[in-house]
Amino acid sequence: MGRGVNMRMILDDKTAIGYMRVDKNGWFTATPITAELKKLFGEAETEIIYPIFPTVFTPIIEEKAYYDAILDNVKEGDKVLVVGCGAGSDVWSAWLKAKTMIYTIDINPQAILNVYATARMGGFEVRPIQGDIREMRMPKDFKDFDYIVGNTPFLNYPIPLEDNNYHDGDDSTVTKAFIKLLHSLLKKDGRAIMVGTEETEEYINLPMEKSEYASFTVYMLKGA
């Protein structure tokens, strides 16, 4: 998967530190990074320590199946769009396999800044835009994707998420907008990888495969 990156930053008390790694067992994350954590998990084939800006969603190990699905399916040279890029952990995972610029969208301007920082630390290229997929017009180069991946907001989660763009309301408007995008943005044989909770499934009207990890479900979708 290429030569690893391992960097540290001095950050203020409003910014968390995330730790991502990939090895033969797949994707792993933790925050904050500690000497004890490094001792416990040892050296990874590829790893990065990166900032998580205020209001940006922190990757959690319960979403491991989503990241592993990216690593298992994306191939070198694939054109990939990440919807809801957050701090950039799924962007980084996609780049590890595609080895080409990753396109990203997030509604949170802090996340756009965050993914730039993560990309700089990880040594990969991104093309991020800030906007709401429920109403935005896509740039002309946002088309013909081999994969669209999305860590979309959740309908149900055990902690308050409404103030940080993590909650999808009671009718899953972001999830429905994500699915609507697939037909126009994916290649004919393109696919989507989306993570959600069990309530998400009733809003999916496309052929799919699914796998579960902890309280989350990963959906593999065909665009047509």
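Applying the criterion of being at pLDDT 80 or above and of a type in the set (V, I, T) to the residues of the stretch 30-48, the residue that is farthest from L71 (Cα to Cα) is I48. Test T104 against the criterion of being of a type outside the set (K, R) and either out of contact with any helix residue (DSSP H, G or I) (no Cβ under 6 Å at 6 or more places or on another chain) or farther than 25 Å from I17 by Cβ (or both), and give yes or no. No; evaluated as a whole, the condition is false for this residue. Put simply, of Y157, Y147 the only residue that is over 22 Å from E47 (Cα atoms) and modelled with pLDDT under 90 is Y157. Give the residue that is farthest from T118 (Cα to Cα), with candidates limited to residues of the stretch 59-68 that are surrounded by 15 or more Cβ atoms within 10 Å (Cβ to Cβ) and either at pLDDT 85 or above or more than 10 Å from the chain's Cα centre (by Cα) (or both). Here the residue is A65.
The residue that is farthest from A192 (Cα to Cα), counting only those in the stretch 144-154 that are within 13 Å of the chain's Cα centre (by Cα) and part of a loop (DSSP other than H, G, I, E, B), is P153.
The values are calculated or read from the model by the stated rules, or taken from the named source; none is laboratory data. If you're wondering where the values come from, they're calculated on a predicted model, not measured in any experiment. Ideal geometry is used to build each Cβ from the backbone, glycine not excepted, and the neighbour counts take in all protein chains shown.
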